[in-house]
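Engineer: Dropping the structure in here first, questions after.
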């Protein structure tokens, strides 16, 4: 799997309106009612990510979870990142366009 070009990343982000390109990764923030819901979401993401042999950067701040995806071994964003982002959108209850 190879890193996507800037144009390919922009095209992929068009289908994920809650995501942006930040520091060479695609990133989003999800908000929940409380800390418990945020951590439960992180656990669900962790199981999906591990199943996909992926390891996103995850930052939890009370009821907010920031996720950043890139494929470190390829030095950038790949199709694998977009696939996991789509799964995360479903876990967050958001719709992928």
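Engineer: Note down the nm distance, to one decimal, between modelled labels 7 Å out along Cα→Cβ at residue 22 and at residue 73.
Structural biologist: 2.6 nm
Engineer: So how far apart, in nm, are the two label points at residue 31 and residue 91 if each is 7 Å from Cα heading toward Cβ?
Structural biologist: Placing both labels 7 Å beyond Cα along the Cβ direction yields 2.1 nm.
Engineer: Another question about this same structure. How would you rank 15-28, 53-66, 77-90, highest first, on the average number of other Cβ atoms within 10 Å across their residues?
Structural biologist: Final packing ranking: 77-90, 15-28, 53-66.
Engineer: Neighbouring Cβ atoms within 10 Å as the yardstick, rank 91, 4, 13 fewest first.
Structural biologist: In order of increasing Cβ crowding within 10 Å: 91, 13, 4.
Engineer: Would you work out the relative contact order for the chain, in percent, from Cα pairs under 8 angstrom that are 6 or more residues apart?
Structural biologist: Contact order relative to length: 35 percent.
Engineer: Mind pulling the angle between the C-alpha long axis of helix 79-91 and the longest principal axis of the chain? Nearest 10 degrees, somewhere in 0 to 90.
Structural biologist: Result, in degrees: 20.
Engineer: With a ≥ b ≥ c taken as the square roots of the eigenvalues of the C-alpha gyration tensor of the chain, please select rounded if a/c is under 1.5 and otherwise prolate if a/b is larger than b/c or oblate if it is not?
Structural biologist: It is prolate, given that a/c is not under 1.5 and a/b is the larger ratio.
Engineer: Further question: Any idea what angle helix 35-51 forms with the longest principal axis of the chain, computed on alpha-carbon atoms, 0 to 90 degrees, nearest 10?
Structural biologist: 40 degrees
A short reminder: the numbers here are calculations on the coordinates, not readings from a lab. All figures in this text were calculated on a predicted structure; none of them were measured in a lab. Using ideal geometry, Cβ is built from the backbone for each residue, glycine included, and neighbour counts are taken over all protein chains shown.
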